[in-house]
Amino acid sequence: MKISLSWIKEFVDLSRISTEEIVSQLTMSGLEVEDVVDQTNLYKNFIVGFVKETEKHPNADKLTICKVFDGKDDLQVICGASNVKAGQKIVFAPIGTEIPNGNFVIKKAKIRGVESNGMICAEDELLLSDDHSGIMVLDEKFEAGKPITEALNLNDVILEIAITPNRPDALSHIGVARDLAALFDRDLIIPELKLNETNDDINKLASVVIEDIVNCPRYIAKVVKDVQIIESPKWLKDRLEKIGLRPRNNIVDITNLVLHECGQPLHAFDLDKLNGHKIVVKSTKSEIVFTTLDSKERKLPLNTLMICDGKREVAIAGVMGGENSEITETTKNILIESAYFHPSSIRKTSKTLGLSTDASYRFERGTDPNITKYAAERCAQLVAELAEGKIANGIIDVYPNVINPKEIELRFSRTTKILGYEVAPDKIKNILSRLGLAIKVLDEDKLLVSVPTFRPDIEREIDLIEEIARINGYDNIPTVSKINITLEKKTDETEFDEKIRQTATALGFFEMINNPLQTENDAKLTGNPIRIANPLSADMECLRTSLISGALITISKNIRQGVKDLKFFEIGDSFKRICDGEIKSFSDFTETQNLLLVISGKEVVKGWNIEEKESDFYLLKGLIDSFLSKISLDNVLIDSYYSTANEIYAYHLTKSFKEVELGRGGKLKNEVLKQFDINQDVYCFEFNLTVLKSVQSSTKTYTDPLKYPKIIRDFAFILDKSVKYLDVKEFIKKKSSPLLKVVSVFDVFESDSLGTDRKSLAFTLEYYDESRTLTEDEVEKDFNNLIALVTKEFNAQLRGK
Amino acid sequence: MLDKNITEIKESFYTDIKSVSSIKDVEELRIKYFSRNGLVSQLFEDLKDVVKEEKPILGKKLNLLRNEVSAYFEEVKERISSSNSNKENEIDLTLPGKNYIVGSKHILTQTLDEIKSIFKGLGFSVANGPELESDYYNFESLNFPADHPARDMQDTFFVSKEFLLRTHTTPVQIRLMEKQAPPVRAIMPGRVYRNEAVSARSYCMFHQVDGIYVDTDVTFAELKGTLVSFAKQFYGSDLKYRFRPSFFPFTEPSAEMDITCYLCHGKGCKICKNSGWLEILGCGMVDPNVFKFVNYDSEKYTGYAFGMGIERIALLKYGITDIRIFFDNDLRFLKQF
């Protein structure tokens, strides 16, 4: 919201206070000043210039060479505007002037071979309007050389203030002035109104009925007759333009002025266009189409609060007037509406229509029901002054249930308890009074505070404490240098994730963070996705059902950048719908925290002393097992292998704890990769961290390192290719003596020389006992026994024999 | 005969040893002359057959020979083995070592880690909550009435009438207070979503850390102290700060904390929009209405809450100009941290 400081000064005396101080105090009291335009500074170099002579530029049709008198000298200036003529007074920017709309500085220049010593300005270059149709031509009476800050009264300071939604009272100049009055301990001055009314009784000219009293608790009408619809006087236009409003005609400009002065939105109807000279406030009973004064047809839903006349709708209450009753050049008599509408009703209308106006913005935040009369009269007074209107006698004020100020008790002790320091009671009383709140002392700790209706945000004691804190300044609240730390157990629900991250990075994985919002196609890949009702775009219409598609997008993007050897992990939530209809409870969907580990490209890049190696399934499997051993889950999980393809994997394995699957992964199908434009193999494994966390045990126990020597034996068998390593290993473990502790494979070899469909598997066996040294004999016996058993069981042949 | 042999073997030894250049040659020479059946040993064998009278002389001669050649042999052997071992150590030390790739945590995770460790040091626990939230937790219980303009402060993605993607991590405060009685002191990091157009400055998804402390006698002064301590640990102890009144439905009084712009040191620049200040977090005293929703007695307990955006902090700290780069997952970017 733009605020003019000169306008503000009509309501509070700010003499001897610098702009910097005002800006800083506003910001530090919660009215954050986002931008300051100090016109005096902005326009400091611009002066009135006089165009003495003009001649055509010899080398350019559209340029004019002007002789400009700057009060001292005649300067040659090139001008590109077509409306420049000798004899004009213009705004002149001498060399060295910074032009506000472009942040550039005027320099001596040669334009198409002719020297130019300054610039003749258009309105847009001065940020006075968007007009760039020609240079700005000034009144002849101005003296050449005079600064334009003086000539054009461009000596205001315009503040851009961000008003938080709780402060509707500050959405006007009087509102901001009230805070300044409290901040600088000065009086707020609200001008008294003097109305010259005719003998025409308003009740004979118009009538008002409120049918929806809930959504329209108060409606005031004021009638002014015989108005002249003309252009507003300069001061009024200036005032509106300074705060970014475009002047229209005197009546509309006056309603805008009053709105920005006291915060009450007004609407002026052409009284003669109101059927039966009647206003009826009611909600629509069916859907209707209504044309607003911006000439747009709008569909209004059921229960939209409307202003109607005797026959039809004439305005969308609190949002925008209708075309059928708006002020035009021929309007003679007007009805000024000054009403209080229920905030949520206006908000609902504004939201459904997608239409926010200065009026609706204020109504939905909460206007003051009790300023309506002042605003209507202020408006009428100005209409009488500026449109030669005659104010009808009296006012129509339909206000069946008067809204009174709230009364709240405030304890000084509570203020201290919340803020952590004591604000002197006298100071508190002064702050509250300056803010327009009435106070009554109840006892030495308690005040009874009466809160006027312009502060709907102050409802409770805590709200009063905030007012005290902000006006007295947050800087005055002490900053403690010691805190108490309670000794109860601290928990960290992200601790396990941290351990996961450490392990993954140690294994060479890089963490990625993908957007969980993705296309329906990508989300559907791994489950039944949840759709966003109001997505930003089609590529973000669903929530991910796993981390896989996000990872594939990342892999694809990296490959396109030429980065092909990839090892990523991600921890993040995945969402799956488990109901058919609308999501109404937490049991209609699942949200699980997942971990994805994904590899693609080369595991090892060729070096001068190292062979290149592609990532493969065994790398993935090894990484997963190392990963699990680091979180103490290596010996408790059950692996299951699936060599046939499913929806996404060409082959995969799962890891389970008891009956619960913790994760799965393998080689992604080419078909899936193609969808993401990836033409290299990708292996991934996805864990459900929520479950993993629940089975993971944090206690570790110590085992003594082995004190006795191991006896190691190797053997290799030639067997059918179809025989699985794991089956042989399990068989050996089952049949061997308990002294055999470890069986591992150290070579796999396939060759036709071994026979058709045969392969060689070589094992290392480790025998030991924790309590004694073994003898060669007992090992030899078991070893030979195993050879015989394996040979028989698997139709195997011992190699090297 | 033997005498002649001694001379011949001596000559042949000196000839042979001239061509010795490797340890292998040395070994061959040793075997030829000094092994059990070597030429020198053979001479001693031959001595047995010599007539008695010549034995002392030839024996002496033989011993002299043996001492001489074996001493010379040892000398050559020593020279060769030492020069050879020098050759074996001669490697090109300048060749690169084996390259090991150590992964890394995302820069946002690292930033969060820093924040977490500071607050853990200040006695805070760390809590989690869901991203797909109900309207009740995200808005209603945080004192955002339905149809209130305060809801416009946070553009929301809805999945249904009642469920939405959380717009802040503040709902975890409610979940935490529902579970336990005061004192509650925890931070709540997590992912949040806003239905805002994607640009260099804003993304539809980002990360926040919320914090809350509720106990008897928690004051605004303590809120200030705690957050100043955090800011000094995170941004540096010479930092200047200010607390400015603001509005959040779930806190009253509410504030925003600014620190001096790290780029211009308070002089005013593009990053701080010429104000010299950078907003780093929002905070305030927990609104009594929030306590009502979790059945805390607001006369007995007071509390403060705060929240900050992690992307914003990381953008400022590392001089990154486009927020989208965090979610591009370009390995060349990720590897830098």
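The values are calculated or read from the model by the stated rules, or taken from the named source; none is laboratory data. Just so you know, these numbers come straight off a predicted model, no measurement behind them. Cβ sites come from the backbone with ideal geometry, for glycine too, and all protein chains shown count toward neighbours. Side chains included, ligands, DNA and RNA excluded: accessible areas come from the protein's heavy atoms. Shrake-Rupley method; radii C 1.70, N 1.55, O 1.52, S 1.80 Å.
Bridgeable aspartates and glutamates around A:Lys667 (alpha carbons under 19 Å apart, same-chain partners fewer than 8 residues away excluded): A:Asp522, A:Asp565, A:Glu570, A:Glu603, A:Glu614, A:Asp616, A:Asp625, A:Asp639, A:Glu647, A:Asp677, A:Asp681, A:Glu686.
Using the Cβ-Cβ distance between A:Thr775 and B:Asp46 with R0 = 56 Å, the FRET efficiency computed as 1/(1 + (r/R0)^6) comes to roughly 0.60.
Counting only other chain Cβ atoms within 10 Å of each residue's Cβ, the peptide A:414-421 averages 5. For the set A:Lys273/A:Lys299; A:Lys89/B:Lys273; A:Lys669/B:Lys161; A:Lys576/B:Lys292; A:Lys429/B:Lys273, the pairs lying more than 30 angstrom apart at their alpha carbons are A:Lys89/B:Lys273; A:Lys669/B:Lys161; A:Lys576/B:Lys292; A:Lys429/B:Lys273. Note on the range B:23-96: with charges restricted to the Cβ of Lys and Arg (+1) and Asp and Glu (-1), its dipole about the Cα centre is near 380 debye. Sorted largest first, the spans of the alpha carbon positions of the range A:117-197 along the three principal axes are 50, 37, 30 Å. Contact residues in the range A:335-373 by the 40 Å² criterion (accessible area, 1.4 Å probe, full protein complex versus chain alone): A:Arg347. Computed from label points 7 Å out along Cα-Cβ, the spacing between A:Ser413 and B:Ile57 is 13.4 nm. Under 5 Å from the amide H of A:His342 lie the amide H atoms of A:Cys216, each residue being 5 or more positions distant or on a separate chain, with H modelled from the backbone and absent for Pro and chain starts. In this rough spin-label picture, where each label sits 7 Å from Cα along the Cβ direction, the A:Val748-B:Ile31 distance is 4.4 nm.
Determine the distance separating the Cα centre of the range A:96-162 from the Cα centre of the range A:674-740; give it in Å without decimals. That distance is 81 Å.
Ellipsoid fit via the Cα gyration tensor, the protein assembly as shown: semi-axes of 85, 40, 30 Å, each the root of five times an eigenvalue, largest first.
As a ratio to 2.2 N^0.38 Å, the alpha-carbon radius of gyration for the range A:466-592 is 1.59. For the peptide B:240-246, the mean number of other protein chain Cβ atoms found within 10 angstrom of a residue's Cβ is 6. Between A:Lys234 and A:Ile439, the FRET efficiency from the beta-carbon distance, with R0 = 51 Å, is close to 0.75. Peptides B:26-38, A:569-581, B:132-144, A:278-290 ordered by packing proxy, namely the average of other Cβ atoms within 10 Å per residue, highest first: B:132-144, A:569-581, A:278-290, B:26-38.
If you take the Cα centroid of the range A:351-422 and the Cα centroid of the range B:32-51, the two points sit 130 Å apart.
Kirkwood hydrodynamic radius computed over the range A:495-695 comes to 17.6 Å, based on all pairs of distinct alpha carbons. Along the axis of the charge dipole computed for the range A:470-589 (Cβ charges of +1 for Lys and Arg, -1 for Asp and Glu, origin at the Cα centre), the listed residues A:Ser537, A:Ile485, A:Gly550 are led at the positive end by A:Gly550. Pair-distance distribution P(r) for the range A:711-798, from all Cα-Cα distances in 5 Å bins starting at 0: 3, 14, 27, 24, 15, 9, 5, 2, 1, 0 percent. Packing, taken as the mean count of other beta carbons within 10 Å per residue, orders the peptides A:458-469, A:436-447, A:47-58 from highest to lowest as A:458-469, A:47-58, A:436-447. At a Cβ-Cβ separation cutoff of 4.7 angstrom, cysteine residues of chain B with no neighbouring cysteine are B:Cys204, B:Cys283. Only the Cβ atoms of Lys and Arg (+1) and of Asp and Glu (-1) were treated as charged; on that basis the dipole of the range A:261-373 about its Cα centre amounts to roughly 500 debye. For the range A:343-479, the alpha-carbon coordinates run over 56, 38, 31 Å along the three principal axes, in decreasing order. Once the 1.4 Å probe is applied to the protein heavy atoms, the range A:711-798 comes out at 56 Å² accessible per residue. Only lysine pairs 8 or more places apart, or on different chains, with alpha-carbon atoms under 30 angstrom apart are counted in the range A:316-401, and they number 5. About the centre of its Cα atoms, the protein assembly as shown shows a dipole size close to 1600 debye [charges on the beta carbon of Lys, Arg (+1) and Asp, Glu (-1) only; nearest 20 debye].
For the range B:76-156, lysine pairs separated by 8 or more sequence positions, or belonging to different chains, with Cα-Cα distances below 28 Å total 4. Placing pseudo-labels 7 Å out from each Cα toward the beta carbon at A:Lys311 and B:Ser81 gives an inter-label distance of 12.6 nm. Both chains summed, the buried accessible area for B and A stands near 7700 Å², from protein heavy atoms and a 1.4 Å probe. Taking all Cα pairs closer than 8 Å and separated by 6 or more residues, the relative contact order of the range A:622-705 comes to 22 percent.
Please compute the average number of Cβ atoms from other chains found within 10 Å of each residue's Cβ in peptide B:155-168. Taking all residues of B:155-168 together, the mean is 5.
Note on the range A:197-398: dipole from Cβ charges, positive end direction compared against A:Asn199, A:Ile230, A:Ile213; the farthest Cα belongs to A:Ile213. When both bridge partners sit in the protein assembly as shown, DSSP labels roughly 95% of those beta bridges antiparallel.
Between the amide H of A:Ile327 and those of A:Asp270, distances stay under 5 Å, these residues lying 5 or more places away or on another chain, with hydrogens modeled in the peptide plane.
Value of Rg to Rh for chain B, rounded to two decimals, is 1.61; Kirkwood radius and Rg both from alpha-carbon coordinates.
At 0.36 nm per residue, and after removing the present C-alpha to C-alpha distance, how many nm does the segment from A:Ala645 to A:Ile17 gain when stretched out fully?
Taking 0.36 nm per residue and subtracting the Cα distance, the gain is 218.2 nm.
Taking 0.36 nm per residue of separation and subtracting the Cα-Cα distance, full extension of the segment from A:Lys225 to A:Val636 would add 138.8 nm. Only one residue of A:Gly436, B:Ser22, A:Pro452 has its Cα farthest out toward the positive end of the dipole of the protein assembly as shown, where Lys and Arg carry +1 and Asp and Glu -1 on Cβ, and that residue is B:Ser22. Couplings 3J(HN,Hα) of the range A:377-394, computed from phi: 6, 4, 5, 4, 4, 5, 5, 4, 6, 9, 10, 6, x, 10, 7, 5, 6, x Hz, in residue order, whole Hz [Karplus 6.51 cos²θ - 1.76 cosθ + 1.60, θ = phi - 60°; x for Gly and Pro]. Database remark: amide H of A:Leu75 closer than 5 angstrom to the amide H of A:Val68, A:Phe69, A:Asp70 (H placed geometrically; neighbours at sequence offset of 5 or more, or on other chains; Pro and chain starts carry no H). With contacts taken as Cα pairs under 8 Å and at least 6 residues apart, the range B:189-303 reaches a relative contact order of 23 percent.
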